[in-house]
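What follows is one structure encoded as structure tokens, with my remarks underneath.
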Amino acid sequence: MTTDPTPLFTPYALGELELANRFVMAPMTRQFSPGGVPGTDVAAYYARRAPHVGLIVTEGTYVDHPSAGSSDRVPRFYGADALAGWQFVTEAVHAAGGRIVPQLWHLGAVRTEGAPPHPGAPVLSPSGLRADGTAVGEPATAADLDTVVAAFARAAADAERAGFDGVEIHGAHGYLLDQFLWPGTNRRADDHGGSLANRARLSAEVIAAIRASTRPGFPVLFRFSQWKGGHFDARIADTPDELEQLLTPLVDAGVTALHVSTRRYWLPAFEDSALTLAGWTKKLTGLPVIAIGSVGVRQAFRGEHEEQAESLSLAPLLERFEQGEFDLVALGRALLSEPAWPTKLAAGRVADIRPYDKADEARLA
């Protein structure tokens with residue numbers, strides 16, 4: 001198998017957005033924004049990585065809904081102070097030659113009751129259930145869901161005004177939109193529950209509302225996953241047909257690209273096929289696909305050391321890329337410790353790449 005990384009350094013058109021290479025900085029929660037306002041240190045953090053990747057997806061940032069968040073150190077995407085901070089981030093990234101989109105986030109049932117930034121807000125979820133099946137809050141009403149959709153749309157419009165190059169919707173990892181996708185947390189009997197298409201309805205409504213609130217062609221990415229935080233065996237789809245039923249409403253609503261979050265990018269998604277989840281997503285939708293899952297780190301995400309070969313070797317990654325399973329590849333932990341990871345790879349300076357160190361998660365560098 002080839003290990004020549006040149007194909008990953010070709011340009012790519014993501015909708016109207018021209019990317020310099022195929023690498024994406026993955027969203028990673030950092031909690032370095034006191035009061036929910038990203039400062040100059042946050043701008044510098046993203047700008048350091050901007051020259052090396054085709055696209056940056058920011059850490060998750062709370063939409064303007066009182067039940068969205070659970071920390072006053074995670075950035076928010078509303079309020080004049082926070083939006084001014086984000087505009088400074090986009091200006092710094094663009095000055096460094098990069099492209100950037102914010103990840104828009106609502107925690108849903110994962111939210112801690114009584115936590116800031118709105119301690120008095122209720123916990124909002126599809127059926128009043130956490131992923132472990134315990135009860136929390138009350139099921140969201142139809143009116144509640146309308147306010148959530150409107151919050152995402154406002155955030156996207158604000159992102160466009162702040163100079164962002166698009167937006168990403170967080171529909172993965174067991175947060176609000178994913179709680180609707182997964183039958184383990186969605187027990188609703190209305191038109192947002194039951195069938196696969198109904199479970200995808202809220203995400204499709206968010207995409208459509210963003211489309212209506214931004215210019216034609218404004219890139220809208222959607223991140224999804226099978227796994228949930230603490231529930232790595234969870235599945236929103238057990239077959240390719242079920243996956244197609246979930247993704248079709250998102251495609252019809254006008255999503256630009258799909259960001260397929262896996263813990264190990266190389267693993268087959270379903271029985272009787274070698275295709276990964278990213279590969280199936282590409283095959284079923286034909287849309288641009290971002291793959292992610294422990295690229296360039298010594299140990300797969302919460303995995304075992306024997307998986308080092310797949311995580312560190314470029315051969316399986318390049319093989320699947322050249323087979324057309326995905327268009328872009330996201331780097332997470334590798335970029336925390338080495339902002340210039342792609343550039344050093346392109347220059348053949350692999351020995352100079354600083355390996356991921358978990359201690360780097362505790363600092364903004």
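Given the conditions (1) open to solvent by 10 Å² or more (accessible area, probe 1.4 Å); (2) more than 23 Å from the chain's Cα centre (by Cα), and given that Val149 satisfies all but one, which numbered condition is not satisfied?
Only one criterion in (1) open to solvent by 10 Å² or more (accessible area, probe 1.4 Å); (2) more than 23 Å from the chain's Cα centre (by Cα) is unmet by Val149, namely (2).
Condition first: within 19 Å of the chain's Cα centre (by Cα) and open to solvent by 50 Å² or more (accessible area, probe 1.4 Å). Now tell me which residues in region 16-31 satisfy that. Walk me through it before giving the result.
The initial filter retains those residues of region 16-31 that are within 19 Å of the chain's Cα centre (by Cα), namely 17, 19, 21-31.
Once the filter is applied, which keeps residues that are within 19 Å of the chain's Cα centre (by Cα) and open to solvent by 50 Å² or more (accessible area, probe 1.4 Å), region 16-31 yields Thr29, Gln31.
Within region 198-232, count every residue that is at pLDDT 95 or above and open to solvent by 50 Å² or more (accessible area, probe 1.4 Å).
Result for region 198-232: 6.
Pick from Gly97, Gly85, Gly35: which is assigned to a helix (DSSP H, G or I), surrounded by fewer than 24 Cβ atoms within 10 Å (Cβ to Cβ), at positive phi and not acidic (Asp, Glu)?
Exactly one of Gly97, Gly85, Gly35 is assigned to a helix (DSSP H, G or I), surrounded by fewer than 24 Cβ atoms within 10 Å (Cβ to Cβ), at positive phi and not acidic (Asp, Glu), namely Gly35.
Considering each of Gly193, Gly137 in turn, give the residue that is at positive phi and more than 21 Å from the chain's Cα centre (by Cα).
Details: Gly193 fails: at positive phi.
The unique qualifying residue is Gly137.
Do you know which residues across region 228-242 are under 16 Å from Leu258 (Cβ atoms) and part of a loop (DSSP other than H, G, I, E, B)? Talk me through it step by step, then tell me what you get.
Initial filter on region 228-242 (under 16 Å from Leu258 (Cβ atoms)): 236-237, 240, 242.
Residues satisfying the conditions are Ile236, Ala237.
Of these, Glu138, Glu91, Glu113, which one is open to solvent by 10 Å² or more (accessible area, probe 1.4 Å), free of Cβ contacts under 8 Å to residues at least 24 places away in the same chain and not basic (Lys, Arg)? Reasoning before the result, please.
Details: Glu91 fails: free of Cβ contacts under 8 Å to residues at least 24 places away in the same chain; Glu113 fails: free of Cβ contacts under 8 Å to residues at least 24 places away in the same chain.
The conditions single out Glu138.
For region 60-82, enumerate the residues that are free of Cβ contacts under 8 Å to residues at least 60 places away in the same chain, among the hydroxyl-bearing types (Ser, Thr, Tyr) and surrounded by fewer than 24 Cβ atoms within 10 Å (Cβ to Cβ).
Selection gives Ser70, Ser71.
Starting from region 220-244, keep only residues that are without any contact (Cβ under 8 Å) to a residue 60 or more places away in the chain and over 17 Å from Gln179 (Cβ atoms), then list their pairs with residues that are surrounded by 24 or more Cβ atoms within 10 Å (Cβ to Cβ) and of a type in the set (A, V, I, L, M, F, W, C) whose Cβ atoms are within a distance under 9 Å, requiring at least 6 positions of separation or different chains.
Sorted first by the residue in region 220-244, then by its partner, the pairs are Glu242/Ile236; Leu243/Ile236; Leu243/Leu277.
Within region 325-365, which residues are basic (Lys, Arg) and farther than 21 Å from Thr262 by Cα?
Within region 325-365, Lys344, Arg349, Arg354, Arg363 meet the criteria.
For Ala156, state whether it is within 21 Å of the chain's Cα centre (by Cα) and either within 19 Å of Ala253 (Cα to Cα) or crowded, with 24+ Cβ neighbours inside 10 Å (or both).
For Ala156, the condition - within 21 Å of the chain's Cα centre (by Cα) and either within 19 Å of Ala253 (Cα to Cα) or crowded, with 24+ Cβ neighbours inside 10 Å (or both) - is met.
Can you tell me which residues in region 206-227 are more than 30 Å from Leu267 (Cβ to Cβ), part of a helix (DSSP H, G or I) and not charged (D, E, K, R)?
Ala208, Ala209, Ile210, Ala212, Ser213
The values are calculated or read from the model by the stated rules, or taken from the named source; none is laboratory data. The structure presented is a predicted model; accordingly, all values stated were derived computationally and were not measured. Neighbour counts are summed over all protein chains in view; Cβ atoms, including those assigned to glycine, are modelled from backbone coordinates with ideal geometry. Just the protein is used for accessible areas: all its heavy atoms, side chains included, with ligands, DNA and RNA removed. Shrake-Rupley method; radii C 1.70, N 1.55, O 1.52, S 1.80 Å.
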